[in-house]
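Undergrad: Have a look at the structure that comes next, please.
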Amino acid sequence: MAGPTAPPAPALPARPLVSAIICTHARPDYLAACLAGLALQRGPSLEVLVVDSASPARAAAEIAQLSHAAGAAMLRSDAPGLSLARNLGASAARADWLAFLDDDAVPEPDWAQCLGAAIAALPPDGAAVGGRILPRWEAPLPGWWPPSLRGLLTIVEWDGCGEEGEGLPAGVAVYGANMAFRADALREVGGFPEELGRVGRRLLSGEEVEVLDRLRARGFRVFYDGRVTVRHSIQAERLHPRWLLSRLHWQGATDALRDRRHGFAHRAPGAAAKLLLQAPLLAWPQRSASLLRARCGAAYNLGYLRGTLLAD
């Protein structure tokens, strides 16, 4: 008489093509909209990971509840920092491609399908894809906002395709609200530099640019595909002179840090000389929109000098 038959081993979940990684800090309402957008996706298999970047207890509990309800894996970093959170998500992801979404970016319903098509069309040395980032305005864009600085709000509206460095239109680039990397290539260059990237109200950036530079230095190529689209919320609090000046101040600090890393520290005296002429503008009321272009330059140069003094 035959012995008892062993129950079949449980089937392992299929390896996803893309891991969608959402890093968030104390913004459950935005996260809920992003997760709802991911729930509508069709196309390639998708793993969703939420990384809570040191949210306080109440927001952390809401983030955990939302992640569980959406069937998303959740990780938590007790130390703040966007680059740290992205690296934590990348280390836990199972897919061959890692897509990063800002928590206030909602993917279009065909986002995953279009991303899968973009990945399939890449040459063997293609290692990164960025997509279109359309604005979802929470308040009208003020008339005083300089058109040349619209990109500081993370807006990319071109619907075409192309390779970075090969004639893309001005302002079209790979931005963190909607970008994907080949997992092995991202890990090969060490992930996101944790000395760059936003930490709380410190608006350092440049970590994405650094990763892309490292990829190209290793012989990889970077592409843009406007079919891969998200809708990015532009918070009303950002549409004030104070925020714009702060954003440019920290952009200056970011550029100084990157220049130091790449041996271009000799640019600091030029920023200091410009700032001597611009110094009176720094006393202007930050809520005022007058003389804004000149004040933006002063804020940037002051930030650049600050960046020359920041620890690596």
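Undergrad: Looking at region 283-308 only, could you name the residues that are outside any loop (DSSP other than H, G, I, E, B) and among the aliphatic types (A, V, I, L, M)?
TA: Filtering region 283-308 down to residues outside any loop (DSSP other than H, G, I, E, B) leaves 283, 292-308.
ALA283, LEU292, ALA294, ALA298, ALA299, LEU302, LEU305, listed by residue number.
Undergrad: So how many residues does region 96-115 have that are within 15 Å of GLU47 (Cβ to Cβ) and buried (at least 20 other Cβ atoms within 10 Å of the Cβ)?
TA: Filtering region 96-115 down to residues within 15 Å of GLU47 (Cβ to Cβ) leaves 96-101, 107, 111-112, 115.
Next, from what is left, pick out any that are buried (at least 20 other Cβ atoms within 10 Å of the Cβ): 97-101, 107, 111-112, 115.
So the answer is 9.
Undergrad: Something else now. For SER288, all conditions in the list (1) within 17 Å of GLY151 (Cα to Cα); (2) among the hydroxyl-bearing types (Ser, Thr, Tyr); (3) loosely packed, with under 15 Cβ neighbours inside 10 Å hold save one; what is the number of the exception?
TA: Looking at each condition in turn, SER288 falls short on (1).
Undergrad: Turning to a different aspect of this structure: I'd like the full set of residues that are over 17 Å from GLY162 (Cα atoms) and touching a helix residue (DSSP H, G or I) at 6+ places or on another chain (Cβ under 6 Å), limited to region 216-236.
TA: ILE234
Undergrad: Next up: Give the residue, chosen from LEU88, LEU149, that is without any contact (Cβ under 8 Å) to a residue 60 or more places away in the chain, out of contact with any helix residue (DSSP H, G or I) (no Cβ under 6 Å at 6 or more places or on another chain), of a type outside the set (Gly, Ala, Ser) and assigned to a helix (DSSP H, G or I).
TA: On the way: LEU149 fails: without any contact (Cβ under 8 Å) to a residue 60 or more places away in the chain.
Just one listed residue meets the conditions, LEU88.
Undergrad: For region 5-24, what are the residues that are of a type outside the set (A, V, I, L, M), modelled with pLDDT under 95 and more than 19 Å from ARG94 (Cβ to Cβ)? Full working, then the answer.
TA: Going through region 5-24, the residues of a type outside the set (A, V, I, L, M) turn out to be 5, 7-8, 10, 13, 15-16, 19, 23-24.
Going one step further and asking which of them are modelled with pLDDT under 95, we end up with 5, 7-8, 10, 13, 15-16.
Answer for region 5-24, where residues must be of a type outside the set (A, V, I, L, M), modelled with pLDDT under 95 and more than 19 Å from ARG94 (Cβ to Cβ): THR5, PRO7, PRO8.
Undergrad: A follow-up question, please. Just for helices (runs of 4 or more DSSP H) wholly inside region 177-270: which have at least 3 residues that are outside the structural domain of ARG42 (by TED's automatic domain parsing) and of a type in the set (D, E, K, R)? Before the answer, list the steps.
TA: Values: elements: 183-188, 207-217, 241-261.
Once the helices (runs of 4 or more DSSP H) in region 177-270 are filtered for at least 3 residues that are outside the structural domain of ARG42 (by TED's automatic domain parsing) and of a type in the set (D, E, K, R), what remains is 241-261.
Undergrad: Within the group ALA93, ALA54, ALA85, which residue is assigned by TED's automatic domain parsing to the domain that holds LEU115, among the hydrophobic types (A, V, I, L, M, F, W, C), in contact with a Leu (Cβ under 7 Å, 6 or more places away or on another chain) and buried (at least 16 other Cβ atoms within 10 Å of the Cβ)?
TA: On the way: ALA54 fails: in contact with a Leu (Cβ under 7 Å, 6 or more places away or on another chain); ALA85 fails: in contact with a Leu (Cβ under 7 Å, 6 or more places away or on another chain).
Sole residue among the options that is assigned by TED's automatic domain parsing to the domain that holds LEU115, among the hydrophobic types (A, V, I, L, M, F, W, C), in contact with a Leu (Cβ under 7 Å, 6 or more places away or on another chain) and buried (at least 16 other Cβ atoms within 10 Å of the Cβ): ALA93.
Undergrad: Hey, another quick one. Which condition number in (1) among the hydroxyl-bearing types (Ser, Thr, Tyr); (2) modelled with pLDDT under 95; (3) buried (at least 17 other Cβ atoms within 10 Å of the Cβ) is the one that THR229 fails?
TA: Only one criterion is unmet by THR229, namely (2).
Undergrad: In region 264-305, how many residues are at pLDDT 75 or above and under 30 Å from GLY143 (Cβ atoms)?
TA: Let us first name the residues in region 264-305 that are at pLDDT 75 or above, namely 274, 278-305.
Going one step further and asking which of them are under 30 Å from GLY143 (Cβ atoms), we end up with 274, 278-304.
Of the residues in that region, 28 qualify.
Undergrad: For SER77, are the conditions met, namely being in the same structural domain as LEU215 (by TED's automatic domain parsing), more than 15 Å from GLY176 (Cα to Cα) and touching a Pro at 6+ places or on another chain (Cβ under 8 Å)?
TA: Working: in the same structural domain as LEU215 (by TED's automatic domain parsing): yes; more than 15 Å from GLY176 (Cα to Cα): yes; touching a Pro at 6+ places or on another chain (Cβ under 8 Å): no.
No: the conditions fail for SER77.
Undergrad: Is there a residue in region 266-279 that is among the charged types (D, E, K, R) and without any contact (Cβ under 8 Å) to a residue 40 or more places away in the chain? If you could, list the steps in order and put the result at the bottom.
TA: Within region 266-279, the subset among the charged types (D, E, K, R) is 267, 274.
Right, trim to without any contact (Cβ under 8 Å) to a residue 40 or more places away in the chain and you get 267, 274.
Yes: one or more hits.
Undergrad: Can you find even one residue in region 234-248 that is touching a residue at least 12 places away in the same chain (Cβ under 8 Å) and within 29 Å of LEU46 (Cα to Cα)? Can you show your working first?
TA: First pass over region 234-248, keeping only residues touching a residue at least 12 places away in the same chain (Cβ under 8 Å): 234-236, 238-242, 244-248.
Subset that is within 29 Å of LEU46 (Cα to Cα): 234-235.
Yes, region 234-248 contains at least one residue that is touching a residue at least 12 places away in the same chain (Cβ under 8 Å) and within 29 Å of LEU46 (Cα to Cα).
The values are calculated or read from the model by the stated rules, or taken from the named source; none is laboratory data. This structure is a prediction, so every number in the text was calculated from the model and none was measured. No Cβ is skipped: glycine too gets one built from the backbone with ideal geometry, and neighbour counts run over all protein chains shown.
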